[in-house]
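Visitor: Structure provided below as structure tokens; questions to follow.
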Amino acid sequence: MHKLEIGIAGTGYYVPAKVLTNADLEQMVDTSDEWIRERTGIRERRIAAPDEPVSEMAVRAARSALLSAGVRPEELDVIILATFTADRPLPAGACLLQEKLGNTRAGSFDISAACCGFIYGLEVAHKLLTGGRYRTALLVAAEKLSSVTDWEDRNTCVLFGDGAGAVVIKKGHPHGRIIDCYIGSDGSKADLLSIPAGGSARPITHRAIDEKQQFVKMAGREVFKLAVNEMLNAARMVLKRNNYDTSDISWLIPHQANLRIIRAAARGLNLPMGKVFVNLDRYGNISGATIPVALAEMDQAGLLKRGDLVMMVAFGGGLTWSASLVEW
Ligand code: ACO
């Protein structure tokens with residue numbers, strides 16, 4: 001292992017205690033457990049408490065990752081938080097996370113790339129550490145989607161959940177090597193998945209709230225059609241430019257939005273579902289947090305072996321897409 005290589009040194013995750021089942025949702029909107037399971041693969045999701053903002057979930061995931069990496073908070077040079085549901089618009093959620101961790105010097109900033117936030121963050125952390133000024137980074141993806149969900153809209157409210165996943169990334173770490181990341185986006189399709197109000201184009205007003213413009217709107221069917229193709233393109237691109245084949249993949253960790261999308265991606269890469277990690281049934285779609293939560297669960301369960309080739313791939317609002325290869 002080259003001393004300049006960049007590796008994932010620790011993983012951690014946190015999901016809130018409250019479980020919202022499909023049966024619970026049947027009491028809230030015109031839906032059924034059967035529809036949700038068949039069309040999405042989701043059985044239940046976690047919902048954060050009112051006094052549990054993103055920074056609170058993020059700090060719990062971060063502490064767990066720091067512990068598993070054997071890194072103290074003050075050793076962090078960079079703190080990146082991937083989220084679009086930070087505690088407040090200003091300051092960055094990463095600064096609130098930094099304060100909770102007790103770190104007083106790291107450069108801390110947020111990344112807004114929706115479901116691709118973790119892999120976008122991995123690319124940024126990888127390149128910062130490659131550059132030579134920074135040695136240790138914390139990357140957390142955390143989302144409180146319940147705070148931007150319209151609980152009367154059955155098209156979206158059955159899909160989302162809350163939670164946080166984290167990794168500590170170190171220069172010169174002997175394993176968990178980040179081989180490559182690829183990120184892409186197409187802003188012309190921004191309106192397919194967005195929160196219309198709350199930004200400078202449409203600040204929160206009584207009218208915006210009356211029109212429920214502060215909530216996530218998604219053209220699910222259109223997003224679905226694009227998701228599989230772009231995820232496959234991203235995964236194939238990263239494999240090809242690093243001289244790997246789909247048969248080299250030990251584990252696929254796809255973004256957890258819909259089991260039908262995950263199955264189609266696995267089929268496209270010729271991978272049996274036994275090589276694909278799925279936790280969507282338990283957590284729903286936690287946006288950027290789905291992949292690091294999955295990675296941490298796999299790590300804690302001892303599923304990842306030294307030398308395993310792990311492919312992570314995501315697709316989401318932006319529209320964005322991304323893939324990353326890590327040699328565990
Ligand atoms: N319960 C019962 N019926 C429902 C529900 C529900 N919860 N939701 C929708 N339906 C109905 C619709 O009204 C529609 O009825 P109609 O035919 O009478 O009009 C019917 O079910 C089919 O609706 P579709 O939208 O075509 O359903 P589809 O099979 O596409 O599934 C879903 C919808 C689950 C949203 C799917 O399209 C999907 O997963 N899309 C991709 C999501 C995604 O990947 N997002 C990106 C990441 S998210 C992020 O970045 C934050």
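Visitor: Out of the stretch 150-200, which residues are within 17 Å of the chain's Cα centre (by Cα), within 28 Å of Lys18 (Cα to Cα) and in the same structural domain as Gln98 (by TED's automatic domain parsing)?
Guide: Residues satisfying the conditions are Leu159, Phe160, Gly161, Asp162, Gly163, Ala164, Gly165, Ala166, Val167, Val168.
Visitor: Suppose we filter the stretch 146-181 for residues that are crowded, with 17+ Cβ neighbours inside 10 Å, within 12 Å of the ligand (Cβ to nearest atom) and of a type in the set (S, T, N, Q); how many remain?
Guide: 2
Visitor: Could we say that Gly107 is farther than 28 Å from Ser200 by Cα, surrounded by fewer than 23 Cβ atoms within 10 Å (Cβ to Cβ) and either modelled with pLDDT of 95 or more or hydroxyl-bearing (Ser, Thr, Tyr) (or both) here?
Guide: Here the answer is no, as Gly107 does not meet what is asked.
Visitor: Out of curiosity, is Thr246 more than 12 Å from the chain's Cα centre (by Cα) and among the polar types (S, T, N, Q)?
Guide: Yes, satisfied.
Visitor: Are there any helices (runs of 4 or more DSSP H) wholly within the stretch 256-304 with 3 or more residues that are aliphatic (A, V, I, L, M) and more than 12 Å from the ligand (Cβ to nearest atom), and if so which?
Guide: In the stretch 256-304, the matching helices (runs of 4 or more DSSP H) lie at 290-300.
Visitor: For the stretch 315-322, indicate whether the set of residues that are among the β-branched types (Val, Ile, Thr) and under 15 Å from the mean Cα position of the chain (by Cα) is non-empty.
Guide: Checked the stretch 315-322: at least one residue is among the β-branched types (Val, Ile, Thr) and under 15 Å from the mean Cα position of the chain (by Cα).
Visitor: Please enumerate the residues belonging to the stretch 266-313 that are touching a residue at least 60 places away in the same chain (Cβ under 8 Å), under 21 Å from Leu232 (Cβ atoms) and not β-branched (Val, Ile, Thr).
Guide: Result: Leu280, Asn285, Ser287, Gly288, Ala294, Leu295, Leu309, Met311, Met312.
Visitor: Only one residue in Ala264, Ala235 is within 29 Å of Leu192 (Cα to Cα), over 19 Å from the mean Cα position of the chain (by Cα) and at pLDDT 95 or above, so which one is that?
Guide: Ala264
Visitor: If you scan the stretch 1-33, which residues turn out to be loosely packed, with under 13 Cβ neighbours inside 10 Å and closer than 28 Å to Pro53 by Cβ?
Guide: Ala17, Ala23, Gln27
Visitor: Which of (1) more than 13 Å from Ser324 (Cα to Cα); (2) assigned to a loop (DSSP other than H, G, I, E, B) is the odd one out, the single condition Val228 does not satisfy?
Guide: If we test Val228 against (1) more than 13 Å from Ser324 (Cα to Cα); (2) assigned to a loop (DSSP other than H, G, I, E, B), just (2) comes out false.
Visitor: Here is a follow-up. Tally time: how many residues in the stretch 212-234 are among the charged types (D, E, K, R) and more than 20 Å from Val158 (Cα to Cα)?
Guide: Here the count works out to 1.
Visitor: Can you pull out the residues in the stretch 10-38 that are under 21 Å from the mean Cα position of the chain (by Cα) and either within 14 Å of the ligand (Cβ to nearest atom) or not polar (S, T, N, Q) (or both)?
Guide: The answer is Gly10, Gly12, Tyr13, Tyr14, Val15, Pro16, Ala17, Lys18, Val19, Leu20.
Visitor: Another one. Yes or no: Lys212 of a type outside the set (A, V, I, L, M), touching a residue at least 40 places away in the same chain (Cβ under 8 Å) and either in the same structural domain as Ile111 (by TED's automatic domain parsing) or farther than 29 Å from Val59 by Cα (or both)?
Guide: Criteria met by Lys212.
Visitor: I've got another one for you. Surrounded by fewer than 16 Cβ atoms within 10 Å (Cβ to Cβ) and not in a helix (DSSP H, G or I), is that true of Ala201?
Guide: Against the criterion (surrounded by fewer than 16 Cβ atoms within 10 Å (Cβ to Cβ) and not in a helix (DSSP H, G or I)), Ala201 qualifies.
The values are calculated or read from the model by the stated rules, or taken from the named source; none is laboratory data. Bear in mind the structure is a predicted one, so any value in this text is a computation, not a measurement. As a convention, Cβ positions derive from the backbone with ideal geometry for all residues, glycine included, and neighbour counts pool all protein chains shown.
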